[in-house]
1. Scan segment 197-210 and give yes if some residue there is assigned by TED's automatic domain parsing to the domain that holds Ser161, free of Cβ contacts under 8 Å to residues at least 60 places away in the same chain, within 21 Å of Thr427 (Cβ to Cβ) and within 22 Å of the chain's Cα centre (by Cα), otherwise no.
2. Spot the failing condition for Lys170; the list is (1) surrounded by 15 or more Cβ atoms within 10 Å (Cβ to Cβ); (2) out of contact with any Gly (no Cβ under 7 Å at 6 or more places or on another chain); (3) part of a helix (DSSP H, G or I), and only one is missed.
3. Restricting attention to segment 414-430, and to residues there that are touching a residue at least 24 places away in the same chain (Cβ under 8 Å) and of a type in the set (D, E, K, R), which single residue is surrounded by the most Cβ atoms within 10 Å (Cβ to Cβ)?
4. Among (1) buried (at least 17 other Cβ atoms within 10 Å of the Cβ); (2) assigned by TED's automatic domain parsing to the domain that holds Val71; (3) not in a helix (DSSP H, G or I), where does Gln143 come up short?
5. Quick check on segment 309-325. Is at least one of its residues part of a helix (DSSP H, G or I), modelled with pLDDT under 90 and at positive phi?
6. Could you please let me know if Val397 is among the hydrophobic types (A, V, I, L, M, F, W, C), closer than 25 Å to Ile295 by Cα, modelled with pLDDT of 90 or more and assigned to a helix (DSSP H, G or I)?
7. Just need a number here: residues in segment 168-181 that are among the charged types (D, E, K, R) and in contact with a Ser or Thr (Cβ under 9 Å, 6 or more places away or on another chain).
8. Look through Ser161, Ser131, Ser219 and report the one residue that is touching a residue at least 12 places away in the same chain (Cβ under 8 Å) and in contact with a strand residue (DSSP E or B) (Cβ under 6 Å, 6 or more places away or on another chain).
Amino acid sequence: MSMKRSEIAFGILKAPLDFSLTLLGFYWGYQLRTKGDFIPRVQLPLNLDTFPPLEEYLQLSILFAIFLVLVYGFGGLYKLKNTDSFFHELRRILTHSGIWLLMIMSYFFVVHEVFFSRLVLGFSVIITMGSILLARILLKELQNQLLRTGIGRQRVLLIGSNKITFKIAKKLEKDPHYKVVGYLTKGPNKVGGLKRLGTLNDIGRIARKHQIDEIIQTSQEFTELQDHDILEFCQENHLDYRFVPDILAVERSNIEIIPLAGFPLIHLKPTRLDGWGKVAKRVSDFILAFIALIILSPLLLMIAIGIKIDSKGPILFCRLADGSPANRIGQEGNAFQFYKFRTMRDKTHHLRYTELADKNHRKGSPLVKIKDDPRITQFGRFLRKTSLDELPQLWNVIKGEMSIVGPRPHLPEEVAKYEKHHKFLLTIKPGITGLSQISGRSDLDFEEEVRLDSYYIKHWSLWLDFRILVKTFLVVFSGKSAD
């Protein structure tokens, strides 16, 4: 389970808010000094001839605002998952604000200039810091109010029944970001003050009943097979998994440890696509899809005309013969209406499971692929060969249901046949193109497709997305799979 949407929203909001408040602080710092009525007690001589025009001054303040956001960013003040107390965050803001002020002074040292008014700089910094701290207080209070109503709260299930379980539970109960629903045990052991929900065998039922977001394993009493089953369950159901490791194993490895209640806690992330990675991918997806729809609109119109000339029926395939949406399964198993150009004769989709079932050449896997499919129209064959039939999925990307790059989106009846390890593919949004698509397209063995897409999920980066996009164009234009 990735971060809560409210958690991401509050994290994203901080950087543009700090940037805006810095500009506002420098604006009012300038006004306070140039308008004597604001500060009647300040009797320092004022020579406005030495002051730059307000427009020029604001351009300089944009640079200072960028400095502040960079310093705060490198200082970890824009972490999307922030469970620090306000006073701890306050200390970090003040510390990094000092670094920011030193950067401003260093800037003038490098350009061999002097700031035109120390009083303006003082006013600007004080107003900026005051407004940022006030904004943080208001954001924290708003977030706490939402957490009290259950919005954004992480529901945690503990696995284990020892002193570590008790201490971690007590620590989490003091944090409004978390709600400990109880714990599971291997045997009849009990943890005082904490609700025992059952044994490890009940993990599936308990997770569904209590809508668990995160599992923390506090005990090492389980067998290696049971440990693997817990991890596999979390991956299959897209739950965060953290555990208290064997201390000796940790000492021998280069692992970053996050302490909780005095114990080292290791968080196993299924993908880098969490936090700012998720934000970066969503922003890049939206921008690319929006630009592509605009640039390709003449081509989309030509394809639509070609489909209507070639055969009867709708331009888009987005509904089944009975009028129900042509759904695909997306992130975390959520269904969404899927769009693509129609390449088959109208209302023939269901034939893949009836009279054409014998022609399925991907038997033994959840997927259905009809060999020499007689349903495909002449123009549809061209669209499929060039992958132009996939272009309407750019609208799915705009809506946030798909990504430009990701695992192939599969049908609900196909996903229903997934084995446990296949469900890892549902960790992220499906893509128009992906690592498996450029490595064999529809002819790829399903297990190989799973292996490639799993690799992509675990090793995602914007650079990997760029390489896949480049190879996609090469595959489409060459008409064959990439190596």
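1. Looking through segment 197-210, none of the residues is assigned by TED's automatic domain parsing to the domain that holds Ser161, free of Cβ contacts under 8 Å to residues at least 60 places away in the same chain, within 21 Å of Thr427 (Cβ to Cβ) and within 22 Å of the chain's Cα centre (by Cα).
2. Only one criterion in (1) surrounded by 15 or more Cβ atoms within 10 Å (Cβ to Cβ); (2) out of contact with any Gly (no Cβ under 7 Å at 6 or more places or on another chain); (3) part of a helix (DSSP H, G or I) is unmet by Lys170, namely (1).
3. Out of the qualifying residues, it is Lys429.
4. (3)
5. The answer is no, given that none of the residues of segment 309-325 is part of a helix (DSSP H, G or I), modelled with pLDDT under 90 and at positive phi.
6. Considered against the rule, which asks whether it is among the hydrophobic types (A, V, I, L, M, F, W, C), closer than 25 Å to Ile295 by Cα, modelled with pLDDT of 90 or more and assigned to a helix (DSSP H, G or I), Val397 comes out as yes.
7. Looking only at that region, the number is 1.
8. Ser161
The values are calculated or read from the model by the stated rules, or taken from the named source; none is laboratory data. All figures in this text were calculated on a predicted structure; none of them were measured in a lab. Cβ atoms come from the backbone with ideal geometry, glycine included; neighbour counts cover every protein chain shown.
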